[in-house]
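The values are calculated or read from the model by the stated rules, or taken from the named source; none is laboratory data. Everything quoted here is computed from the prediction, not taken from an experiment. With ideal geometry, Cβ positions are generated from the backbone for all residues, glycine too; neighbour counts draw on all protein chains shown. We work out accessible area using only protein heavy atoms, side chains counted, and drop any ligands, DNA or RNA first. Shrake-Rupley method; radii C 1.70, N 1.55, O 1.52, S 1.80 Å.
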Amino acid sequence: MDKTKILFVCLGNICRSPAAEGIMKRLVEERGLADDFVIDSAGIGSWHVGQLPDRRMRQHGARHGYDFNSRARQISRDDFRRFDYIVVMDEENRHDVLRLSSDAADRQRVLMMADYLRRHPQQYDVPDPYYGGDRDFELVIELLEDACEGLLDQLKHKSL
């Protein structure tokens with residue numbers, strides 16, 4: 001059976017997308033599905049390539065039992081061939097990722113993270129906490145936990 005390959009994308013790959021990667025990896029492990037998935041993250045820009053996630057995101061993640069330890073990388077056109085789904089955090093990310101796409105099949109791979117929120121219907125995106133405070137980082141983790149559960153449930157039932 002082929003593995004389902006998911007790439008989470010945000011602006012710099014140091015806050016939202018590495019958190020989504022870490023949360024989803026733990027979720028599939030807890031559900032006994034780790035062997036069925038390949039999960040990664042990337043950023044639109046190259047500013048932070050090679051860096052660990054933002055210190056504040058790592059600290060807030062640790063408070064929730066997560067170890068956000070992936071190294072930042074930039075999305076490439078090749079990612080459309082490597083991943084089944086490219087999940088973006090906001091409309092600007094979506095626009096930037098779609099500019100990299102080559103055809104309709106590529107565009108169909110691009111999903112909005114907020115579309116899988118179940119307990120936060122008022123949210124239309126996962127906001128960037130970079131210039132915010134503690135509450136902003138906590139909100140992102142809360143939203144990503146909700147959306148990752150929703151996304152995984154959809155994938156399990158193949159209703160994407």
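Selection within region 5-57: residues that are in a strand (DSSP E or B) and open to solvent by 10 Å² or more (accessible area, probe 1.4 Å). The member of this set that is nearest to Asp128 (Cα to Cα) is Asp40. Every condition in (1) more than 14 Å from the chain's Cα centre (by Cα); (2) farther than 20 Å from Lys25 by Cβ is met by Arg94 except one, and the failing one is (1).
For region 134-155, which positions are open to solvent by 60 Å² or more (accessible area, probe 1.4 Å) and touching a residue at least 60 places away in the same chain (Cβ under 8 Å)? First the steps, then the outcome.
First, pick out the residues of region 134-155 that are open to solvent by 60 Å² or more (accessible area, probe 1.4 Å): 134-136, 142, 154.
Listed by number, the list holds a single entry, Asp134.
Within region 112-133, if we keep just the residues that are closer than 18 Å to Pro18 by Cβ and over 16 Å from the mean Cα position of the chain (by Cα), the residue that is most open to solvent (accessible area, probe 1.4 Å) turns out to be Tyr131. Of all residues in region 113-160, how many are in contact with a Gly (Cβ under 8 Å, 6 or more places away or on another chain), closer than 20 Å to Arg31 by Cβ and part of a loop (DSSP other than H, G, I, E, B)? Here the count works out to 2. Taking each residue of region 58-78 that is under 18 Å from Asp146 (Cα atoms) and looking for partners that are among the hydroxyl-bearing types (Ser, Thr, Tyr) with beta-carbon atoms closer than 9 Å, six or more apart or interchain, yields His60/Tyr66.
Being under 14 Å from the mean Cα position of the chain (by Cα) and open to solvent by 30 Å² or more (accessible area, probe 1.4 Å) is the requirement here; does Arg73 meet it? If you could, list the steps in order and put the result at the bottom.
Numbers: under 14 Å from the mean Cα position of the chain (by Cα): yes; open to solvent by 30 Å² or more (accessible area, probe 1.4 Å): yes.
For Arg73, the condition - under 14 Å from the mean Cα position of the chain (by Cα) and open to solvent by 30 Å² or more (accessible area, probe 1.4 Å) - is met.
Here is a check on your reading of the model: is Ala105 open to solvent by 40 Å² or more (accessible area, probe 1.4 Å), of a type outside the set (S, T, N, Q) and out of contact with any Cys (no Cβ under 9 Å at 6 or more places or on another chain)?
Details: open to solvent by 40 Å² or more (accessible area, probe 1.4 Å): yes; of a type outside the set (S, T, N, Q): yes; out of contact with any Cys (no Cβ under 9 Å at 6 or more places or on another chain): yes.
Judged against the criteria, Ala105 is a match.
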